[in-house]
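Asker: Quick one: structure below, then a few questions.
Read-outs throughout are calculated quantities, based only on the coordinates presented, and are distinct from any laboratory measurement. All figures in this text were calculated on a predicted structure; none of them were measured in a lab. Ideal geometry is used to build each Cβ from the backbone, glycine not excepted, and the neighbour counts take in all protein chains shown.
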Amino acid sequence: MAIVDHRSLASDILEGVGGQGNIDSVVHCATRLRFKLRDSAKANTDAIKALPGVLAVMKAGGQYQVVIGDEVPTVHAEITRLTGGSSDVERTESMTDGSTWSPKRLLNGFIEVVSSIFQPIVWPLAGAGLLKALLSLVLQFGWLDATSQTYVILAAAADSVFYFLPIFLGYTAANRFGANKFTSMVIAGALVYPSIVELNASGESVSFFSIPVTMFNYTSSVIPIIVAVLIQSRLERVCMRFIPKMLRNFATPMISIIVMVPLILLTVGPITSFLANALSTGIGNIFDFAPWLAGGVMGGLWQVFVLFGLHWGLVPTMLNDIAVTGSSILLGPLLSAVLAQAAATLAVFFRTRNTVRRAVAGPAAASGFIAGVTEPAIYGVNLPLKKPFFFGIVGGAIGGAIASSGGSAATAFVFPSVLALSAYTTVGSFALQIIGIVIAVSVSFALTFAFVDREQSADADEPADATVRVGTVEITSPVDGTIVALADVPDRVFSSGILGQGFGVIPAEGVVRAPISGTVVTVMKTGHAYGIKSDDGVEVLVHIGIDTVRMNGEGFTPSVARGDKVTAGDVIADFDIAAVQEAGFDPMTLVVVTNSKQLASIEPIGSGAVTHGAPAIAVTV
């Protein structure tokens with residue numbers, strides 16, 4: 001669909017259905033807004049059909065259905081915001097369904113959220129990281145003096161995106177959670193405002209209306225602003241519900257700012273500081289009796305500490321150790337920690353067939369190795385793929401343990417990188433430090449190269465696996481059964497092709513498999529619909545049954561969560577065909593390429609009786 005203003009579209013749809021007072025309820029499925037109207041005669045169907053972003057309007061099953069397509073969750077969220085309605089709807093995140101909760105899915109959900117929030121700024125991070133690496137080389141070779149104004153200007157250009165990272169994340173997190181983007185940026189700006197940074201640096205006691213405030217350094221932080229925007233999005237919904245319409249535009253941002261900035265300073269800061277200080281004390285104690293163990297913890301989990309901002313509790317100890325004793329053993333394992341993550345990213349660069357991923361991985365690995373800047377590597381490559389991040393942890397833990405067993409320490413507070421090796425030559429065993437680094441890099445590189453999926457090619461002339469051939473992707477049948485042409489599907493929204501080209505299958509079994517390799521981007525709470533996006537950019541909707549959203553999940557069991565990687569043929573769900581039929585619904589399973597208009601061609605290559613995995617349509621990308 002064309003790019004539209006989702007908030008304006010939501011407002012226009014509300015007006016078209018007769019206003020908020022004419023709505024009993026509104027939920028969404030994979031492609032449609034489903035209204036229960038008090039008086040359907042008040043709905044102006046022709047006006048709604050004419051709206052940019054609306055694909056079709058239909059009445060079925062006692063519902064007034066507005067077909068939006070892939071953007072329906074965003075439009076629904078805007079309608080919820082405008083009406084102050086309940087958020088208890090059919091969400092795309094399976095984590096919201098208590099019946100499917102598991103620690104693995106909780107972790108996958110967290111990684112997916114963080115990765116999606118970072119995705120829009122991956123390229124600026126990669127570019128700035130590479131610039132920092134080049135500046136490190138310039139200093140190393142003496143081409144510029146660190147005190148020169150030229151260097152200061154270039155360093156500011158390279159550091160700004162990292163220093164003010166919360167502001168950028170405020171914008172992207174607001175887009176993810178449906179909050180006001182510029183209000184989120186204001187909240188983030190307050191956290192890194194110079195006077196707030198100075199209050200933290202001063203070490204003086206701070207209070208807010210006589211309430212003690214434990215200060216924290218929010219520059220370059222990640223989790224605090226994400227938490228803030230998540231809460232902000234809920235607060236805004238409450239404000240939209242209770243604040244008179246004539247006051248909403250300025251009152252809602254004002255209340256959000258007044259509430260959220262002190263709330264984060266009073267909660268996230270103290271919690272993070274407490275955990276960071278406890279971590280610093282605990283690791284320091286471990287160094288006293290088992291340096292190798294402490295080195296393993298630091299080498300393995302340093303990047304996790306950075307992710308949650310806990311590393312700030314260790315930095316003062318490092319600085320104090322260097323000032324008092326001339327070196328810090330806490331810095332000893334960090335070379336392995338950082339270079340292991342960079343090595344994992346480098347392995348992705350050589351391993352992946354996805355040209356987009358490779359384009360990020362190359363400069364990200366370079367900035368990690370040369371400048372010790374790992375944000376582009378972690379958030380742009382390793383964390384989204386999961387395995388490289390964990391393999392980096394394994395390599396870092398082994399290398400850190402070896403380095404610390406030899407008493408390695410740094411005599412200066414440096415960003416751990418290849419260029420910082422000179423700071424590690426005089427304290428402890430430099431030989432064991434080098435051995436630790438080599439093993440850390442080798443382990444993380446080898447594990448990543450051996451076990452990370454090669455991914456599908458983003459190049460038309462480079463096949464990624466058996467389903468891709470010279471720019472053509474074969475989409476297979478997700479079930480055993482009989483193929484039905486899309487035009488013959490007994491649902492006019494699908495059969496008309498407005499959602500995209502595809503096919504139906506009359507299922508002979510209740511096991512549904514992925515028709516294409518890629519990433520699961522949508523899992524309906526009811527378990528009846530799944531969205532998969534291939535690395536070639538093909539977006540596929542698998543819809544089990546017709547109008548089965550009304551079964552509220554009865555008879556459907558998801559096997560995947562949003563963010564999971566799947567290979568064509570992997571089981572994504574099970575469903576009870578008899579239960580669907582007994583409920584009065586058609587169990588026909590539909591496969592639709594939702595971005596059909598962006599692709600070169602879509603041709604049927606299968607018909608009649610099929611088994612799962614048999615090619616059904618060929619998509620030229």
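Asker: Quick check: residue separation of Ile153 and Lys59 times 0.36 nm, minus the Cα distance between them. What number comes out in nm?
Answerer: Taking 0.36 nm per residue and subtracting the Cα distance, the gain is 27.7 nm.
Asker: Given only helices, namely DSSP H runs of n ≥ 4 each adding -39500 (n - 2.57), what is the per-residue ellipticity at 222 nm of the chain, to the nearest 500 deg cm²/dmol?
Answerer: Estimated from H runs of four or more residues: -15500 deg cm²/dmol.
Asker: Asp488 to Lys36: FRET efficiency via 1/(1 + (r/R0)^6), r the Cβ-Cβ distance, R0 41 Å, to the nearest 0.05?
Answerer: 0.85
Asker: Step through the residues of region 176-184 one at a time and calculate ³J(HN,Hα) from phi using the Karplus curve (6.51 cos²θ - 1.76 cosθ + 1.60, θ = phi - 60°), rounding each to whole Hz and writing x for Gly and Pro.
Answerer: 6, 9, x, 9, 5, 4, 7, 5, 4
Asker: Once you list every other residue whose beta carbon is under 12 Å from the beta carbon of Val511, what net charge do they have if Lys and Arg are +1 and Asp and Glu are -1?
Answerer: -4
Asker: Can you tell me how much longer the chain between Thr355 and Thr620 gets when fully stretched, taken as 0.36 nm per residue apart minus their C-alpha distance, in nm with one decimal?
Answerer: 93.6 nm is the gain from fully extending Thr355 to Thr620.
Asker: If the cut-off is a Cα-Cα distance under 22 Å, which lysines reach Lys59, setting aside same-chain residues fewer than 8 apart in sequence?
Answerer: Within the straight-line cut-off, Lys59 pairs with Lys36, Lys42, Lys49.
Asker: Using a simple spin-label model with points 7 Å from Cα along the Cα→Cβ vector, what separation in nm is obtained for Ile506 and Gln119?
Answerer: Here the answer is 3.8 nm between the modelled labels.
Asker: Taking Cα centroids, how far is region 4-27 from region 393-415 in Å?
Answerer: 58
Asker: Where in the chain is the longest stretch that carries no trypsin sites (Lys or Arg not before Pro) classed as loop by DSSP and with at most 15 other Cβ atoms within 10 Å? Walk me through the intermediate numbers first.
Answerer: Values: sites that count: Arg38, Arg454.
Here the longest segment lacking exposed loop sites spans 39-453.
Asker: Could you give the length gained on full extension between Ala431 and Ala251, defined as 0.36 nm per residue of separation minus the Cα-Cα distance, in nm?
Answerer: 58.6 nm
Asker: Hey, what did the chain get for relative contact order, percent, Cα under 8 Å, at least 6 apart?
Answerer: The normalised contact order for the chain reaches 12 percent.
Asker: Another question about this same structure. For Lys533, give me every one of the lysines with a C-alpha distance below 25 angstrom, ignoring sequence neighbours fewer than eight places off in its own chain.
Answerer: Result set, ordered by chain and number: Lys104, Lys386, Lys387, Lys525, Lys565, Lys597.
Asker: Answer with a single label: of (1) 123, 55, 52; (2) 79, 59, 45; (3) 114, 53, 53, which was calculated as Cα extents along the principal axes in Å from the structure in view?
Answerer: (2)
Asker: Another question about this same structure. Looking at the square roots a ≥ b ≥ c of the eigenvalues of the Cα gyration tensor of region 6-92, which shape do they give, rounded for a/c under 1.5, prolate if a/b is larger than b/c, or oblate?
Answerer: rounded
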